[in-house]
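Below: one structure, written as structure tokens.
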Amino acid sequence: MQPTGPTGPMPPQGAMPPRQKPASMATYKRLLRKEIRRKGGEAEVNFLNITAMMDMMTIILVFLLKSMSTSSASLPQSNDLQIPKSVIGTEASEEGVPIIISKSHIMVEDESVVDVPQDATHGVEAKYKRGGPNDLYITKLGQTVKAWRDTDRQIRIAQHKDASGSEAIIIADKDTPYRLLVEVLFTLGQNEYNKFHLMVLQGSKSGTSK
């Protein structure tokens, strides 16, 4: 007697189970299109192209650096800062971080970093220097211009320019002591600034400004 199961007679022992009916071509194509759409949709969110974003950030950094450099050319004068006059007729540079040396402060753009003593013939006070009163390196000024240098290096690399050094625009009072000016220039040089521009007022040979 042939054994029976829950759904009917069971096949004889050792017999092959009946083959399933193959899927139609229409069903196969429908499943294939569905799988392609699924994978295609996932690919759109599997990666993020940041090339355009990096280009945008580079443009913004260049614009900010240019704006900060250009703004130094319209620096107002006061009793604390009298810019010297010159008969040289060359165009003012717009490249570089502005370093302002007034009678009372050393500033990087509009940020005051070091106080200038009333008698600055020996430079800034010893507490601001790296190795005592005879040292030329001004510690806090060096820290500030180093941050500027790091940003400028990245911009120069992005623009395929020489990134071995940066530039600085020196805006100094006409009565700035020589020692104080040397300390500022030395500190800049130690932080890979290799080109300096001294801002002056253009004047005639008779000494009157134009």
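Values quoted throughout were computed directly from the atomic coordinates according to the rules given, and no laboratory measurement underlies them. These numbers were taken from a predicted model, which means no experiment stands behind them. As a convention, Cβ positions derive from the backbone with ideal geometry for all residues, glycine included, and neighbour counts pool all protein chains shown.
Site pair Arg38 and Asp119 shows an inter-label distance of 8.6 nm when each label is modelled 7 Å from Cα along Cα→Cβ.
Net charge of the neighbourhood of Leu188, taken over other residues with C-beta under 13 Å away and scored Lys/Arg +1, Asp/Glu -1, is -1.
Each part gets one Cα centre, and for segment 161-203 versus segment 118-143 those centres are 16 Å apart.
Beyond a 22 Å Cα-Cα separation, which of these cross-linked pairs lie in this structure: Lys161/Lys195; Lys174/Lys195; Lys103/Lys195; Lys129/Lys174; Lys146/Lys195?
Details: Lys161/Lys195 15 Å; Lys174/Lys195 20 Å; Lys103/Lys195 24 Å; Lys129/Lys174 24 Å; Lys146/Lys195 15 Å.
Beyond 22 Å: Lys103/Lys195; Lys129/Lys174.
For segment 180-197, putting each phi into the Karplus relation 6.51 cos²θ - 1.76 cosθ + 1.60 with θ = phi - 60° gives couplings of 5, 5, 5, 4, 5, 5, 5, 4, 5, x, 5, 10, 6, 9, 10, 9, 10, 10 Hz, in residue order, rounded to whole numbers and with x for Gly and Pro.
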